Amino acid sequence: TGDSMKTTIFLLSVLFFSLSLSLLVKTPVGIYPSECVHNVPSGSHITENPTALTQVKFPNGTHRTYGGCSKVQKQKISGVGEYDGWLAYTTFHYPEGIESFLGTFSVPTFPRNAPEVLYLFTGLQNVDWVPLVDPEPPIFDIIQPVLQYPADAGLHWSVKSWYVTLDGEVFHSSEIAVPVGSAVFGNMTKIGSSDWEIIGVNQITKTSTRLTVSRPRLAVQPWAYNTMECYGCGGGCSYLPTGNVQFRDCLLYTSPSPRDRQK
């Protein structure tokens, strides 16, 4: 009958929408198709081959080439899980380029209600761009050690290192857990003309998760940020940490930082 046909179409539409949402990934700079976001082992090295495809060398010596996202089409979700953007941030600009950004950020208490995902990070960008606020730039990248709640593995905090662009693949290192009351040491240091190391360290266990990235576009990173970002915090303050988050001992270098710093 007509009513049963309408019901079937409605249920199929709901199923298709649910599957579409499951194929989207919430990153620290927006929502991306899952095929564009890659979890790689800590210690992986990201490069660009002569055909402009992204190549990753894994810690075990094997390689893989990625090229499925020549143009990322980010999508926006309405309702639960809506992208709220950067809720609070600081900015610093050094036109000649920052060559190292070191800093510690505290692991706060859990929110009373779990958001879709809450991110806290230090980061370096090639341009001054804030998601949802500014028009998208033609070329963008950010390197960042990122504190995340909830973690991929459950209702606790974790840290990953990320490399994100708007026109290609997105990579993050494997997550490590960090407890409430501890701190994350973030280290972004230039180790070559266009080579960067991105490290997040659990200050209690001294375990770390890291990436290195080598791409010509990373030759100059002049914009530094401390940021709190959220998906699904629009329901009020209960989705935010109940205690303060402290970014401290933030050091910016215009020449590479000493290699014997914390890693």
Problem - When each of Lys26/Lys206; Lys57/Lys160; Lys57/Lys206; Lys26/Lys57 is checked by Cα-Cα distance, pairs over 21 Å - result: Lys26/Lys206; Lys57/Lys206; Lys26/Lys57
Exercise for the section: Give the cross-link partners of Lys190 among the aspartates and glutamates, using a straight C-alpha distance below 15 Å as the criterion and excluding same-chain residues fewer than 8 apart. Expected result: Glu96, Glu99, Asp141, Asp260
Problem - Loop trypsin sites (Lys or Arg not before Pro), the stretch 147-250, which have at most 16 other Cβ atoms in a 10 Å radius of their Cβ (DSSP) - result: Lys206
Problem - Å³ per residue enclosed by the Cα convex hull of the stretch 108-263 - result: 116 Å³
Exercise for the section: Once you have the Cα-Cα distance between Ala219 and Ile139, take 0.36 nm times their residue separation minus that, and quote the gain in nm to one decimal. Expected result: 27.5 nm
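Bear in mind these aren't lab numbers, they're just calculated from the coordinates by the rules spelled out. Since we're looking at a predicted model, the values are computed, not measured. We place every Cβ from the backbone using ideal geometry, glycine too, and count neighbours over all the protein chains shown.
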